[in-house]
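Report on the following structure.
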Amino acid sequence: MNSVHVEFAASLRRHVECDPQNVTAGTLLQVLEAAFVAAPELAHYVMDDQRNIRKHVAVFIDREMVMDRQNLARTVPPGSRVLVIQALTGG
């Protein structure tokens, strides 16, 4: 198995519907870009113009939050699960 499971949380899917999917393993940027093929409009919600993860979005790889929003060269190994959620703050 050379794939990664990618899922976008309901808070993002309410803007653009995108079913969970399996994409080819690679860097985090490659995995996210492959997931956006199914719903290109989601890229605008998740990534900024420099292809960094937006501040209001959190990405988890196997339950570990990705802290570096700019260096997306981190390898996502086959069999991993990537969850993309909208990071909400309260007041």
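Note on the chain: the C-alpha convex hull projects to 5.7 nm² when averaged across all orientations.
Assuming a ≥ b ≥ c are the square roots of the Cα gyration tensor eigenvalues, decide whether segment 45-84 counts as rounded (a/c under 1.5), prolate (otherwise, with a/b larger than b/c) or oblate. Walk me through the intermediate numbers first.
Numbers: a/c = 2.16, a/b = 1.61, b/c = 1.34.
Because a/c hits 1.5 or more and a/b exceeds b/c, segment 45-84 counts as prolate.
Panel note: the C-alpha atoms of segment 13-52, placed on their principal axes, show extents of 27, 25, 11 Å (largest first). A 1.4 Å probe run over the protein chains yields, for the chain, 59 Å² of accessible area per residue, whole-number rounding. Estimated at 0.36 nm per residue, the fully extended path between residue 24 and residue 41 surpasses their Cα-Cα distance by 4.1 nm.
Taken along the Cα-to-beta-carbon direction at a fixed 7 Å, the label points for residue 3 and residue 48 span 3.3 nm. As a fraction of the 1.4 Å probe accessible area of the chain, surface on carbon and sulfur atoms comes out at 51 percent. Ordered by 1.4 Å accessible area with all protein chains kept, 69, 14, 63, 74 run largest first as 63, 14, 74, 69. Within the full protein context, the accessible area of residue 5 is estimated at about 40 Å² for a probe radius of 1.4 Å. When you restrict to C-alpha pairs under 8 Å that are six or more residues apart and normalise by the size of segment 20-91, the relative contact order lands at 35 percent.
The values are calculated or read from the model by the stated rules, or taken from the named source; none is laboratory data. Not measured: the values here are computed from a predicted model. Neighbour counts run over all protein chains shown; Cβ positions are idealised from the backbone, glycine included. All accessible areas refer to the heavy atoms of the entire protein, side chains included, with ligands and DNA or RNA removed. Shrake-Rupley method; radii C 1.70, N 1.55, O 1.52, S 1.80 Å.
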